[in-house]
1. Filter region 2-26 down to residues that are surrounded by 13 or more Cβ atoms within 10 Å (Cβ to Cβ) and part of a helix (DSSP H, G or I) and give me whichever is modelled with the lowest pLDDT.
2. Restricting the search to region 43-53, which residues are in a helix (DSSP H, G or I) and over 15 Å from residue 33 (Cβ atoms)?
Amino acid sequence: MPCRDYMDDEPGVPQETYNRTKARLNKVTKLLCDALKKIEGTSIETHVILEGGELAEWWILHKQADAKAREIRLEKQRIARKKKEALAKLDKEERKLLGL
């Protein structure tokens, strides 16, 4: 699961500053996600996640965003695989006619 922050881009921030900040935020988000995955389903979960207030809300939303990102990634992979399979069926003349 490619954990990252799912906030939209902020307008007006210099690109280099934005890239560095986004990279750091994604790293911290991944660390938090990895830690919560490890304690999910354990006795610690009740105290850390379920009673965490904002943390619990963030975790629910983050898992939903991760699931959506995974769906999108898998669909893109499926489409790429289908395109490759379709192109493999074309002969040289057909490829030329299609400008490939």
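1. Selected residue: 18.
2. If the condition is that a residue be in a helix (DSSP H, G or I) and over 15 Å from residue 33 (Cβ atoms), then 44, 46, 47, 50 are the ones that fit.
Listed here are the residues, each with its yes/no results for (1) in contact with a His (Cβ under 9 Å, 6 or more places away or on another chain); (2) exposed (fewer than 10 other Cβ atoms within 10 Å of the Cβ); (3) over 17 Å from residue 3 (Cα atoms).
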| site | (1), (2), (3) |
| --- | --- |
| 32 | yes, no, no |
| 51 | no, no, yes |
| 54 | no, yes, yes |
| 66 | no, no, no |
| 69 | no, no, no |
| 75 | no, no, yes |
| 79 | no, no, yes |
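The values are calculated or read from the model by the stated rules, or taken from the named source; none is laboratory data. Everything numeric here is computed off the predicted structure, so don't read it as measured data. Methodologically, a virtual Cβ is constructed for each residue, glycine included, from the backbone with ideal geometry; neighbour enumeration extends over all protein chains shown.
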